[in-house]
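Working notes, structure below.
The values are calculated or read from the model by the stated rules, or taken from the named source; none is laboratory data. Nothing here was measured: the structure is a model prediction, and the numbers come from that model. With ideal geometry, Cβ positions are generated from the backbone for all residues, glycine too; neighbour counts draw on all protein chains shown.
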There are 2 protein chains.
Amino acid sequence: MSTVLPIDRSVVEQIVREIVLKQQGGPVDKPELVVSISARHVHVTDEDCERLFGPGRTLTPMKDLFQDGYYAAEETVMIVGPRKRMLPSVRILGPTRSATQVELAFTDGISLGIDMPVRQSGDLDGTPGCTLIGPAGSIDLKQGVIRAERHVHMGPSDAAHYGVKDGDRMSLRVNSACRTLFEDVLVRVGEGIKLEVHLDTDEGNAADLEHATCVELLK
Amino acid sequence: MSTVLPIDRSVVEQIVREIVLKQQGGPVDKPELVVSISARHVHVTDEDCERLFGPGRTLTPMKDLFQDGYYAAEETVMIVGPRKRMLPSVRILGPTRSATQVELAFTDGISLGIDMPVRQSGDLDGTPGCTLIGPAGSIDLKQGVIRAERHVHMGPSDAAHYGVKDGDRMSLRVNSACRTLFEDVLVRVGEGIKLEVHLDTDEGNAADLEHATCVELLK
């Protein structure tokens, strides 16, 4: 019998899973809503990429994400928590960033023994750390482990459509056998950004997003 | 480095975790609302208990659950899915029942490769099976693996307070950093039953129930 770690398989499948549900019966110009589930993943700096994978090494794009210019990389790292519990193969998303950051669901945090705060991406002061292990070296990350706050990316025209601005909060209703209203979804508006809600695996599974018949973004 | 399966630790901790949040400022006679997170668990028949643990063996209560007469047993089983992926130690809840049933979160089902339906407890026709392995024998379960539909247990006086009856649907709001409204919560009314909402680990983690400041049951 295989003793493969049981939540391993979902990583690759879910990291790039996107649920697109066309809105039926709405106004013709209503934006198409994409809800993506972000499985646990890591962002790295150029420097940390070299420490983990070797001098001169850069990330190798494996699969494009929904937002232009972003990708799941071929590279993965092992994450080790404070009591040597570990997740053996966590994918890196590119491109590289100015700070290394680990995004986990609470289910992952409980597994690792890391009590994570819910934070907006990049807001890392005072967050817990972990150890990252790659084929060429390891990093004792002092901070950077978060549960990413649920959020919706959009461009200026989508923001105008919904009547919201950057930093506002909206709600996402998922209609399924596990109907759920996710409240306080953070609005992040940027030029050239496509409309996309980001949930984590706990949220996607709680609402059975995969079998949802309809998703709605509500002001 | 330990290669303990990473979602193992949460089993014992969460199987009996109960979140009690006193309602502030409500009517004096408002019932106290308990929201419990049910981690993955198994119910067994007397016959299956003997097959798994040996002739004449009965369940050994380890910890009482919130509802009178129910308990987490000392006994655990290994659950093996269709591609030999497994969860090594899943707790049995007592007392025994008329049908063996496995309740998992979707996160667990994805790990095992089992596509589960969302069902009320006991409604097992056409559900997938799995293999259960105990110290004395194994069972090739033909059906019985479900994700339990979120529900609220209550007695007749609580039902009268909320103005609901058995089979109705309510909503549960969890106020936390991940504020969430769980809709279509099934109402189950019974004599001698204490007021208690049951969520699974995906739902509890999605809403960060552990750090919730307030929970509300809404008609």
Scanning region B:83-122 for residues that are buried (at least 16 other Cβ atoms within 10 Å of the Cβ) and of a type in the set (Lys, Arg), the one modelled with the lowest pLDDT turns out to be B:ARG85
Among the residues of region B:164-173, is any more than 14 Å from chain A (Cβ to nearest Cβ), under 19 Å from the mean Cα position of the chain (by Cα) and not charged (D, E, K, R)?
-> yes
Within region B:123-130, identify whether any single residue is within 11 Å of chain A (Cβ to nearest Cβ) and either out of contact with any helix residue (DSSP H, G or I) (no Cβ under 6 Å at 6 or more places or on another chain) or surrounded by fewer than 20 Cβ atoms within 10 Å (Cβ to Cβ) (or both), and answer yes or no.
-> no
Please specify each residue of region B:151-198 satisfying the condition of being over 22 Å from B:GLY122 (Cβ atoms) and among the aromatic types (Phe, Trp, Tyr).
-> B:TYR162
Are any residues in region B:132-155 surrounded by fewer than 18 Cβ atoms within 10 Å (Cβ to Cβ) and either within 30 Å of B:LYS30 (Cα to Cα) or within 10 Å of another protein chain (Cβ to nearest Cβ) (or both), and if so, which ones?
-> B:ILE133, B:GLY155
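Applying the selection to region B:40-55, what residues are of a type outside the set (Asp, Glu) and farther than 16 Å from B:GLU74 by Cβ?
Quick first cut of region B:40-55, residues of a type outside the set (Asp, Glu) only: B:40-45, B:49, B:51-55.
Of everything in region B:40-55, those that are of a type outside the set (Asp, Glu) and farther than 16 Å from B:GLU74 by Cβ turn out to be B:ARG40, B:THR45, B:ARG51, B:PRO55.
Considering each residue of region A:62-75, count those that are assigned to a loop (DSSP other than H, G, I, E, B), touching a Leu at 6+ places or on another chain (Cβ under 8 Å) and hydrophobic (A, V, I, L, M, F, W, C), and give that number. Full working, then the answer.
Just the residues of region A:62-75 that are assigned to a loop (DSSP other than H, G, I, E, B), to begin with: A:65-70.
Add one more test, that the residue is touching a Leu at 6+ places or on another chain (Cβ under 8 Å), and what stays is A:65, A:70.
Restricting the remaining residues to those that are hydrophobic (A, V, I, L, M, F, W, C) gives A:65.
Residues flagged as assigned to a loop (DSSP other than H, G, I, E, B), touching a Leu at 6+ places or on another chain (Cβ under 8 Å) and hydrophobic (A, V, I, L, M, F, W, C) within region A:62-75 amount to 1.
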